[in-house]
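Participant: For reference, the structure I am asking about is given below.
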Amino acid sequence: MTVSRPLLRSTLLATALALAACNSGAPSGPGASAPAATAPAPAPSEAGSPSASPAAASASPALATGPASVAVDANRPPPPVGMPEGPAPVEGTDYTTLDTPEQPSGDKVSVVEVFGYGCPHCNTLAPFLAAWERKLPVDVDFSYLPAAFGPGPAHCWDEFARGFYAAQAMGVPVSRSHEAVFKAVWEQNQFTGDCAVIPKIYAQFGLDPKVFASTMQSFAIGAKIGNAHDQEMRWGVDGTPTIIVDGKYKVPAAVPATMLHTVDWLIAKQRPAHAKH
């Protein structure tokens, strides 16, 4: 049987990415070798380093210490009825239940992506996740939480996380910065592993690099990093990208379509618990 080139190529890419990982001890940035396409894989943190999940961030560094929610669209669709089409995800393979799940609250199912700008697999997932987010129903609250796996070269976990929060503190919302930072790192080669260049990446938003660097090191931003670190420990996140659904389920990196189908299925599973609120 003859296999078409597009099918063969996508199969090889999926296999390569499934075997790859953003190791926190390996070089990151465009100079690092990483497969380029459809299946992000986990990026384990260094031994002894923590992991991640949700909350809610604000424009002031003195406020909010958790994930940054995306903008709410007043025209978002209503919740769908029933479970998504397709096979049910397998617990233990496609997702795991957290040891200490959070109790549902409010009328929305929370979804949080734990990510790192220095992780090539997070970059691979980003456009799929952005397209998925644009179609979310009104009863889902989606947000980002930067992985705070520790400071230093390679992925610059904490440094990128500090930049993520500093930008919001200086008036640049996640909706404006998120895609642009990934592009600067992975397409424009503005980052090659030196954490000191991060303030310069954010200069594209009209922010002074010196002021930005100072804000990154502020007490308020440090508190956010500490809270992110603690949340990561509670959720047991040790790699990126990882998605947490409603503080109860952890979805590890996989082929984007599979990963997002699992998330949709878990959202539907949790929806009845929020209908009571």
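Residue-by-condition table, conditions (1) crowded, with 23+ Cβ neighbours inside 10 Å; (2) outside any helix (DSSP H, G or I); (3) of a type in the set (A, V, I, L, M, F, W, C):
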position: 198; (1), (2), (3): yes, no, yes
position: 203; (1), (2), (3): no, no, yes
position: 224; (1), (2), (3): yes, no, no
position: 231; (1), (2), (3): yes, no, no
position: 239; (1), (2), (3): yes, yes, no
position: 257; (1), (2), (3): no, no, yes
position: 261; (1), (2), (3): no, no, no
position: 272; (1), (2), (3): no, no, no
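Participant: Filter the stretch 150-174 for residues that are out of contact with any Cys (no Cβ under 8 Å at 6 or more places or on another chain) and at pLDDT below 95; which is surrounded by the fewest Cβ atoms within 10 Å (Cβ to Cβ)?
Facilitator: Selected residue: 150.
Participant: Scan the stretch 145-192 residue by residue and report those that are assigned to a loop (DSSP other than H, G, I, E, B) and polar (S, T, N, Q).
Facilitator: Across the stretch 145-192, the qualifying residues are 188, 189, 190, 192.
Participant: Name the single residue, out of those in the stretch 121-140 being more than 22 Å from residue 239 (Cα to Cα) and of a type in the set (D, E, K, R), that is farthest from the chain's Cα centre (by Cα).
Facilitator: 139
Participant: Under 16 Å from the mean Cα position of the chain (by Cα) and under 21 Å from residue 190 (Cα atoms): is that true of residue 163 in this structure? Working first, answer last.
Facilitator: Numbers: under 16 Å from the mean Cα position of the chain (by Cα): yes; under 21 Å from residue 190 (Cα atoms): yes.
Yes: the conditions hold for residue 163.
Participant: Continuing with the same structure: Could you grab me the full set of residues in the stretch 110-128 that are under 16 Å from residue 145 (Cβ atoms) and either β-branched (Val, Ile, Thr) or surrounded by fewer than 24 Cβ atoms within 10 Å (Cβ to Cβ) (or both)?
Facilitator: 111, 112, 114, 126
Participant: Considering the stretch 196-230 alone, what residues qualify as being among the charged types (D, E, K, R) and more than 21 Å from residue 175 (Cβ to Cβ)?
Facilitator: Those that are among the charged types (D, E, K, R) and more than 21 Å from residue 175 (Cβ to Cβ): 200, 208, 210, 230.
Participant: If you go through the stretch 153-174 one residue at a time, do you hit one that is under 25 Å from residue 231 (Cα atoms), hydroxyl-bearing (Ser, Thr, Tyr) and in contact with a Lys or Arg (Cβ under 7 Å, 6 or more places away or on another chain)?
Facilitator: Within the stretch 153-174, one or more residues are under 25 Å from residue 231 (Cα atoms), hydroxyl-bearing (Ser, Thr, Tyr) and in contact with a Lys or Arg (Cβ under 7 Å, 6 or more places away or on another chain).
Participant: Against the conditions (1) assigned to a loop (DSSP other than H, G, I, E, B); (2) more than 21 Å from residue 220 (Cα to Cα); (3) touching an Asp or Glu at 6+ places or on another chain (Cβ under 7 Å), where does residue 106 fall short? Just the number, please.
Facilitator: For residue 106, the failing item is (3).
Participant: Looking at the stretch 174-185, is at least one residue touching a residue at least 60 places away in the same chain (Cβ under 8 Å), closer than 30 Å to residue 275 by Cα and among the aliphatic types (A, V, I, L, M)?
Facilitator: yes
The values are calculated or read from the model by the stated rules, or taken from the named source; none is laboratory data. Values in this document were obtained by computation on a predicted structure and should not be read as measured data. When we count neighbours, we look across all protein chains shown, and the Cβ atoms used for this are built from the backbone with ideal geometry, even at glycine.
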